[in-house]
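Chemist: Okay, here's the structure, questions in a sec.
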Amino acid sequence: MFKRIFTAVFLIINLSVSAQNDTVQTGIVISDWLIAGPYTVSLPAFFSNEKSGLTELLNFDQVDIPKVNPSENTELKLNSSQMSEWKIFSNISGELKFSLKDSLSASIYYCAIFVDAKRWLKGTIDISSCGLFKVYLNGEEILSKTTSSINENGNCDKDKSSKEIKLERGKHIIIIKAIADISIGNEWTVAADFRIKSPFTPDDIIFATLVPNYTSIFNLLDDPKIGNISISPDGELAAVTVSQIKFGTDQRESWIDIYKTKDGSLFWSLKGGMNPSDIKWGPKGKTFSYTSSSKEETSLWISDFETGNTFLLLDRIKDFGSYNWSPAGDFIIYSVTEKPKEDKTGLKRFLDINDRWPYARNRGYLYKVSLSDRSKQRLTAGSETTTLQSISSDGKTAIISITGYDLTQHTYIYTEIYFLNLETLEVTLIEKLFRASSAQFSPDNEKILILGSPAVFGNAGINVPNGMTPNEFDTQAYIYDIKTRNVEAITREFNPSITSAVWHKKDSNIYFLTVDKTLRRLYKYDVKKKNFALMNLNVEVISGIDFSNENLSIVYKGSGAIEPERFYFAELRNQKSLLLFDPYKNESDPLKTGDVKKWTFINIDGVEIDGLVYYPVDFDSSQKYPCIVYYYGGTTPAEQFFEGRYPRNVWTSNGYFVYVLQPSGATGYGQQFSAYHVNDWGNRTAEEVIQGTKLFLADHPYIDKDRVGCIGASYGGFLTMNILTKTDMFRTGISHAGISSISSYWGEGFWGWQYNSVSAANSFPWNRRDIYVDQSPLYNADKITSPLLLLHGAADTNVPRGESWQMYTALKMLGREVEYVEVADLDHHIMEYNKRKLWTKTIIAWFDAKLKDQPEWWNDLYPAK
């Protein structure tokens, strides 16, 4: 065995900068480094020679590079026996030197520094070393050198390797893994520089051992995500599914974590590639269930912590739907979808206007499986889908529903609610209701809690002035007496809109999860006193909740305007919360956000219009900032959650003010406010956006009123186009999946006619030309003068992509500045990981080009052909 010394080093390199056109110029020398090591490792057995051993060492990742996130005095673990703390080292020359000593093993160092890009930029990184190395940018390999370089005199020959890189605004990390052997001398160095050209300057980039972690799309997509949640009957254990993207792919892996609610400690985990989901605790004991899926087949598992047993209850059920435990825990009711035989003729006769849906002829049916002997029973069949709504406390009766369509009624959608005797399978019709969404037994089985529209029981739930039509999307709650058939509209005077409800057997009160203006909050309805009380859970937007059966404890997940989504436990009696899981927890590198403040105005009718202002990160009142105005404008408010497809905190991290307003017509503000949506289609809402933006700009002098853009999606995309036909105050606009012609959306969108049954109640293209034509942006395209970016999923069925194509064609013919970017294969929501990243970057790059006069990023993403 030859005696050789090998040193492997991870470096984050500081750079020299080019600032004048094609002239290379040293601009930045990195003097501080974070270094951990050395770690001693052995070369792999049977390597053919010293050089091949070095290459093998170079190619093997001793640590998970994408997860390396160094900070001073924290540990970096190589393996169970070797760990080292990160330490700061300084060298004013920017070159690190390592001494080589005789050894039969190799030594590894990890060195790091962070990059803070103040804007999108590109440049060339140069690495000089006579040893082997690999270079990683944000965890991805971008450059490598696989052989040592020694000149003819046997001395180290520091040749240079180069790679052009592109940096988006925010935090980055460049890592170099380098290897050298004794043949290059007793000392070994690595140096690097970074060259840029105009318009980029040294002020655009900073290198440091600590850089703020500005919120980016990578934070929102790459960090773990909370899935469904469940709490044990006694409230002692809380289960959550967690998922995380597999680095560099579109795939997610998931697992189950179970926590003790007493102290928040982790009790149990289920990992290992099963990708479990849909966890639910049984109603008694410490038994819980979960599903695992492969292709179109789903298996249902039961685990019991008291016995330690786990068994397979349902094995590989094709097209499995959902499932629910019986109140006694002795059986489970589940649903399965049956699909029609494939028609290979290539011709199709449409049976009704819903038959355009590819799944319109699918039917869902209910089944029952016993936990004692695993026997199964089919509960429903027929020509219509049946849905389980609730099971009586004695387990003998279920409430089931069938949904259909009646085009003679302007609300169209009806629900037939039945009792199903689970012993005889006899059914009894309870009610046929239009726009009902759910039904559940009261704890004593004498009443039913029904959620539905304000008009689901005629005038009983309507609370709007004469002459106004209620917004059928503003969900209300009703208590229905089974014997007398009397109905009590319990939320008629309650402004928040109902999202879901639980009629709890412990105290016989009802707990409502609500859309409460821009918040999503929990209220208790005291059935005897007939009043509402807010449950203060210290979360602005509750995105999921589960109740224990045996006491008044809950688990929930939620976020806020600048607070990421987290998983909590709480006792409802004292409303004290315990944090169980924080996917963003990283004490050495917390997410940095700007301030968020409430800002409202009074519209021309004297109605207060709600809004939030998101301040740029590192806001300086002496500066002038560009601004993005965001809205939805449809039937729901733009809730102030942290994440979402239109991430305000990512925009503020890119140097923008963001003004989010809630035009009238949204639910959560009372029935009169939501009723403004009906038959408006952009008249009132557009004027409110324009009026509100003018008042907002006048009240915020640090915003450059000449650098304001607007953006919305779906109805909000329609609103963008509509607004730009009415004003040129916006320097640019972005419409994602926007509606350009109300009539074509009504007729072609999968749910267009259903949506218009509410937003254009009793109004049709043949009787309301003033809505379908005059208020359609397409018919006013000649009034648009501001540059417009259109975005659309190529497979969008909600708002067909033709809505963007029509506007794109019109503006092109008019000679106006317009761009159209289509996302291949995706529907209304852009959710696929890599395409979503690029789509999000496209939005920011467009705003950078139009509001910051920085077109380089946009031109790089979409170069002129």
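Chemist: Could you rank the peptides 604-614, 352-362 by their average count of other C-beta atoms within 10 Å per residue, with the highest value first?
Modeler: So the peptides 604-614, 352-362, ranked by packing, come out 604-614, 352-362.
Chemist: Please compute the net charge surrounding residue 381, taking Lys and Arg as +1 and Asp and Glu as -1 over other residues with Cβ under 11 Å from its Cβ.
Modeler: Surrounding charge for residue 381 is 0.
Chemist: Right, another one. As an exercise, identify the GluC sites (Glu not before Pro) in segment 390-457 lying in DSSP coil whose Cβ has no more than 15 other Cβ atoms within 10 Å.
Modeler: 423, 426, 446
Chemist: Could you please report the charge total around residue 600, scoring K, R as +1 and D, E as -1 over all other residues with beta-carbon less than 10 angstrom from its beta-carbon?
Modeler: Net charge around residue 600: -1.
Chemist: A follow-up question, please. Averaged per residue, what accessible surface does the chain expose to a 1.4 Å probe, in Å²?
Modeler: Each residue of the chain exposes 43 Å² on average to a 1.4 Å probe.
Chemist: Moving to a separate point now. Counting only other residues whose beta carbon sits under 14 Å from that of residue 694, what net charge do I get with K and R as +1, D and E as -1?
Modeler: Charge balance near residue 694 sits at -3.
Chemist: Okay, next question. How large, in percent, is the carbon and sulfur part of the accessible surface of segment 556-624 at a probe radius of 1.4 Å?
Modeler: Answer for segment 556-624: carbon and sulfur cover 44 percent of the accessible area.
Chemist: When you count, for each residue, the other Cβ atoms within 10 Å and take the mean per peptide, how do 617-627, 193-203, 125-135, 749-759 rank with the highest first?
Modeler: Packing proxy ranking, top to bottom: 125-135, 749-759, 193-203, 617-627.
Chemist: Calculate what fraction, in whole %, of the accessible area of segment 197-336 sits on carbon and sulfur atoms when a 1.4 Å probe is rolled over the protein chains.
Modeler: Result for segment 197-336: 48 percent of the exposed heavy-atom area is carbon or sulfur.
Chemist: Can you compute log10 of I(q)/I(0) for segment 301-373 with the Debye formula, treating each Cα as one identical point scatterer, at q = 0.16 Å⁻¹?
Modeler: Once normalised to I(0) and log-transformed, intensities are -0.72.
Chemist: Given (1) 1.07; (2) 1.21; (3) 1.02, which label gives Cα Rg over 2.2 N^0.38 Å as computed from the coordinates?
Modeler: (1)
Chemist: Considering only protein heavy atoms and a 1.4 Å probe, what is the carbon-and-sulfur percentage of the accessible area of segment 753-865?
Modeler: 51 percent
Chemist: Right, here's the next one. Which value in nm describes the separation of the simple spin-label points at residue 500 and residue 407, placed 7 Å from the Cα toward the beta carbon?
Modeler: Each label point is offset 7 Å from its Cα along the Cβ direction, giving 3.5 nm.
Chemist: So, R0 is 56 Å and r is the distance between the beta-carbons of residue 534 and residue 151; what FRET efficiency does that work out to, to 0.05?
Modeler: So the FRET efficiency works out to roughly 0.15.
Chemist: Another question, then. By how many nm would the segment from residue 32 to residue 702 lengthen if fully extended, with 0.36 nm per residue of separation less the alpha-carbon distance?
Modeler: Taking 0.36 nm per residue and subtracting the Cα distance, the gain is 237.6 nm.
Chemist: How long is the gain from residue 85 to residue 71 if the chain were fully straight, where each residue apart is worth 0.36 nm and the alpha carbon distance is subtracted?
Modeler: Length gained, residue 85 through residue 71: 4.2 nm.
Chemist: Considering only DSSP beta bridges where both residues belong to segment 462-545, give the percentage that are antiparallel (nearest 5).
Modeler: Percentage antiparallel, nearest 5: 95.
Chemist: Per q in 0.17, 0.19, 0.21 1/Å, what log10 I(q)/I(0) does a Debye calculation on the alpha-carbon atoms of segment 311-470 return?
Modeler: Result of the Debye calculation: -1.10, -1.25, -1.39.
Chemist: Normalised by the residues of the chain, what does the relative contact order come to in percent, with Cα pairs under 8 Å and at least six apart?
Modeler: 8 percent
Chemist: How far apart, in nm, are two points set 7 Å out from the Cα along the Cα-to-Cβ line at residue 45 and at residue 164?
Modeler: 4.7 nm
Chemist: Considering only DSSP beta bridges where both residues belong to segment 733-865, give the percentage that are antiparallel (nearest 5).
Modeler: Of those bridges, close to 0 percent are antiparallel.
Chemist: Mind pulling the per residue volume of the convex hull built on the Cα atoms of segment 720-865? Å³ is fine.
Modeler: Normalising the Cα hull of segment 720-865 by residue number yields 113 Å³.
Chemist: Need the full-extension length gain, residue 579 to residue 814, defined as separation in residues times 0.36 nm minus the C-alpha distance. One decimal, nm.
Modeler: Result: 79.0 nm gained on full extension.
Chemist: Per DSSP helix of 4 or more residues, -39500 (n - 2.57); summed, then divided by the residues of the chain. What does that give at 222 nm, rounded to the nearest 500?
Modeler: -3500 deg cm²/dmol
The values are calculated or read from the model by the stated rules, or taken from the named source; none is laboratory data. The model shown is predicted, which means the values in this text are computed figures rather than measured ones. As a convention, Cβ positions derive from the backbone with ideal geometry for all residues, glycine included, and neighbour counts pool all protein chains shown. Accessible surface is based on the protein model in full, side chains and every heavy atom, while ligands, DNA and RNA are left aside. Shrake-Rupley method; radii C 1.70, N 1.55, O 1.52, S 1.80 Å.
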